[in-house]
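The values are calculated or read from the model by the stated rules, or taken from the named source; none is laboratory data. Keep in mind it's a predicted model, so treat the numbers as computed, not measured. Note that each Cβ is placed from the backbone with ideal geometry, even for glycine, and that neighbours are counted across all protein chains shown.
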Amino acid sequence: MLRIYRVNPINPEEEVIREASEYLRGGGLVAFPTETVYGLGADTFNPEACLRVFRAKGRPPDNPLIIHVASPEELNRVARDVPEFVWDVVRRAWPGPLTLILPKSSDVPREATGGRDTVAVRSPAHPVALSLIKYSGVPIAAPSANKSGRPSPTLAEHVIEDYEGDDVDMVILDAGPTFFGVESTIVDVTRNPPVLLRPGPFTLEELRVLFNTEIKVPEFARGLGEADAALAPGMKYRHYAPRTKLVVVECGDYAGLLKLIRDVVEDEARGGLKVALLLTRETREALSDLVTGVPVIEMGLRSNPYTIASRLFDSLRSLDRLNVDLGIAEGIEERGIGLAIMNRLRKASGFSIIKC
Ligand code: TXA
Ligand code: MG
């Protein structure tokens with residue numbers, strides 16, 4: 001059964017948080033908002049509870065969870081041999097959307113880390129998440145709260161959509177939309193130089209300043225091709241995917257991009273396919289003659305990619321409600337949070353990318 005509680009995102013009600021934390025300490029699952037996406041949380045130190053997360057999501061057992069702590073000092077509870085530069089980084093960056101890979105403490109069960117000797121850890125910048133961790137008194141192991149393979153949930157409604165009808169018990173803390181809308185940045189700091197495993201709201205430009213070193217960016221972190229499983233266990237799985245087939249249209253030059261979208265829509269429509277478009281507001285306006293009769297999902301503003309990030313997964317879920325054969329998504333620049341957006345879009349398309 002899903003038990004849903006409304007909670008104030010800025011000043012979470014103590015009674016609700018207390019009840020949810022007791023449920024979690026008893027081995028139960030609690031879906032909760034973070035500044036990135038909703039997580040599906042369990043007591044990190046309870047192996048049975050961790051396994052329950054994998055079962056509920058249908059997540060492959062070798063794809064480890066992220067451990068959420070209340071403060072930088074708590075890093076010691078889940079990681080060992082933390083180098084001085086990492087302490088310095090977390091003191092400056094947490095709470096925030098930055099997950100670090102470190103050697104795991106023996107207190108963390110192998111169930112939580114998919115059998116690996118390393119652990120992914122972060123401290124989330126959301127009052128509800130922080131308060132839940134503090135009341136629970138344990139670090140919370142939580143992947144994104146979607147069913148495996150589905151777009152991550154940025155609203156409690158997405159969590160409900162994925163699990164209603166399932167034989168699963170969970171408490172859902174509904175605090176409305178999450179803030180950023182894409183999952184945290186993941187950096188492997190056991191390697192030198194540190195390796196970006198997943199781009200996120202903590203941008204590459206910011207990471208370079210924070211670490212004051214070179215950061216390695218593998219092709220898969222840009223959403224181009226399959227990941228090296230030894231480095232990034234979760235990245236080999238199909239991700240974020242709407243059920244509808246999706247292609248991403250990319251071009252560095254904006255006039256070229258508009259022309260390419262026009263050509264792709266006309267080609268596909270001529271081939272008899274029912275198409276829908278995922279466009280920024282600017283592009284929707286620029287193509288207003290083309291889009292009459294073609295359903296458009298507005299992704300946000302090209303001039304402010306944060307608006308695109310916050311709606312991205314909801315846009316992908318909306319596509320499935322339109323009953324079309326093909327979604328055609330506009331690509332944006334890979335700068336700032338744009339890198340995270342393009343990584344998710346390319347993966348969601350199964351790497352179906354059309355370039356000018
Ligand atoms: O923003 C977020 O990170 C959200 C919220 C809930 O905190 N969580 C999240 O978890 O997105 P999710 O579903 O992406 O799963 C954790 C990711 C997977 O891609 C997994 O492969 C990677 O973290 N990961 C976990 N432990 C790892 C490890 N030891 N080495 C490499 N990657 C790891
Ligand atoms: Mg996920």
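Do we have any residue at all in the range 296-309 that's within 24 Å of the chain's Cα centre (by Cα), in contact (Cβ under 8 Å) with a residue 60 or more places away in the chain and surrounded by 22 or more Cβ atoms within 10 Å (Cβ to Cβ)?
Yes.
Tell me, yes or no, whether the range 88-103 has at least one residue that is free of Cβ contacts under 8 Å to residues at least 24 places away in the same chain, surrounded by fewer than 24 Cβ atoms within 10 Å (Cβ to Cβ) and touching a Leu at 6+ places or on another chain (Cβ under 7 Å).
We begin by selecting, within the range 88-103, every residue free of Cβ contacts under 8 Å to residues at least 24 places away in the same chain; these are 88, 91.
Those left that are additionally surrounded by fewer than 24 Cβ atoms within 10 Å (Cβ to Cβ): 88, 91.
With the extra rule that they be touching a Leu at 6+ places or on another chain (Cβ under 7 Å), the set shrinks to none.
The answer is no, given that none of the residues of the range 88-103 is free of Cβ contacts under 8 Å to residues at least 24 places away in the same chain, surrounded by fewer than 24 Cβ atoms within 10 Å (Cβ to Cβ) and touching a Leu at 6+ places or on another chain (Cβ under 7 Å).
So how many residues does the range 200-245 have that are away from ligand 1 (no atom under 12 Å from the Cβ) and surrounded by 15 or more Cβ atoms within 10 Å (Cβ to Cβ)? I'd like the intermediate steps shown before the answer.
Here is the first cut: in the range 200-245, the residues away from ligand 1 (no atom under 12 Å from the Cβ) are 203-219, 222-226, 238, 241-245.
Checking which are surrounded by 15 or more Cβ atoms within 10 Å (Cβ to Cβ) leaves us with 203-204, 206-207, 210-211, 215-218, 222-223, 241-242, 244-245.
Qualifying residue count for the region: 16.
Matching residues to (1) at pLDDT 95 or above; (2) polar (S, T, N, Q):
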site	(1), (2)
R243	no, no
D253	yes, no
G272	no, no
I297	yes, no
T307	yes, yes
S310	yes, yes
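Go through the range 32-142 and tell me which helices (runs of 4 or more DSSP H), entirely inside it, have 1 or more residues that are modelled with pLDDT of 95 or more and either touching a Lys or Arg at 6+ places or on another chain (Cβ under 8 Å) or outside the structural domain of I172 (by TED's automatic domain parsing) (or both).
On the way: elements: 47-57, 84-93, 127-136.
Counting at least 1 such residues, we get 47-57, 127-136.
Can you name every residue in the range 141-188 that is within 16 Å of ligand 2 (Cβ to nearest atom), hydrophobic (A, V, I, L, M, F, W, C) and farther than 24 Å from Y23 by Cβ?
F180, V182, I186
Sort through T213, T185, T190 and tell me the only one that's in contact with a Pro (Cβ under 9 Å, 6 or more places away or on another chain), in the same structural domain as P124 (by TED's automatic domain parsing), more than 24 Å from A309 (Cβ to Cβ) and in contact (Cβ under 8 Å) with a residue 60 or more places away in the chain.
Values: T213 fails: in contact (Cβ under 8 Å) with a residue 60 or more places away in the chain; T185 fails: more than 24 Å from A309 (Cβ to Cβ).
Going through T213, T185, T190 in turn, just one is in contact with a Pro (Cβ under 9 Å, 6 or more places away or on another chain), in the same structural domain as P124 (by TED's automatic domain parsing), more than 24 Å from A309 (Cβ to Cβ) and in contact (Cβ under 8 Å) with a residue 60 or more places away in the chain: T190.
Whether any residue in the range 273-294 is in a helix (DSSP H, G or I), within 16 Å of ligand 1 (Cβ to nearest atom) and of a type in the set (K, R) is what I want to check. Give the steps one after another, and end with the answer.
Taking the range 273-294 and keeping what is in a helix (DSSP H, G or I), we get 281-286.
Subset that is within 16 Å of ligand 1 (Cβ to nearest atom): none.
Checked against the condition, which is being in a helix (DSSP H, G or I), within 16 Å of ligand 1 (Cβ to nearest atom) and of a type in the set (K, R), the range 273-294 yields no hits at all.
Could you tell me which residue of the range 120-149 is nearest to ligand 1 (Cβ to nearest atom), considering only residues that are hydroxyl-bearing (S, T, Y) and touching a strand residue (DSSP E or B) at 6+ places or on another chain (Cβ under 9 Å)?
Residues of the range 120-149 that are hydroxyl-bearing (S, T, Y), as a first pass: 123, 131, 135-136, 144, 148.
Among the residues that remain, those that are also touching a strand residue (DSSP E or B) at 6+ places or on another chain (Cβ under 9 Å) are: 123, 136, 144.
Values: S123: 10, S136: 15, S144: 4 Å.
Across the range 120-149, the extreme among qualifying residues is S144.
From the list A241, A255, A221, A230, which residue is more than 26 Å from S152 (Cα to Cα) and either assigned to a loop (DSSP other than H, G, I, E, B) or out of contact with any Asp or Glu (no Cβ under 8 Å at 6 or more places or on another chain) (or both)? Step through it out loud before you land on a result.
Values: A241 fails: more than 26 Å from S152 (Cα to Cα); A221 fails: more than 26 Å from S152 (Cα to Cα); A230 fails: more than 26 Å from S152 (Cα to Cα).
Exactly one of A241, A255, A221, A230 is more than 26 Å from S152 (Cα to Cα) and either assigned to a loop (DSSP other than H, G, I, E, B) or out of contact with any Asp or Glu (no Cβ under 8 Å at 6 or more places or on another chain) (or both), namely A255.
What about L224, is it more than 28 Å from T34 (Cα to Cα) and hydrophobic (A, V, I, L, M, F, W, C)? Steps first, answer last, please.
Details: more than 28 Å from T34 (Cα to Cα): no; hydrophobic (A, V, I, L, M, F, W, C): yes.
It is false that L224 is more than 28 Å from T34 (Cα to Cα) and hydrophobic (A, V, I, L, M, F, W, C).
Which of (1) of a type in the set (K, R); (2) more than 20 Å from the chain's Cα centre (by Cα); (3) closer than 27 Å to S184 by Cβ is the odd one out, the single condition R317 does not satisfy?
That leaves (2) as the condition not met.
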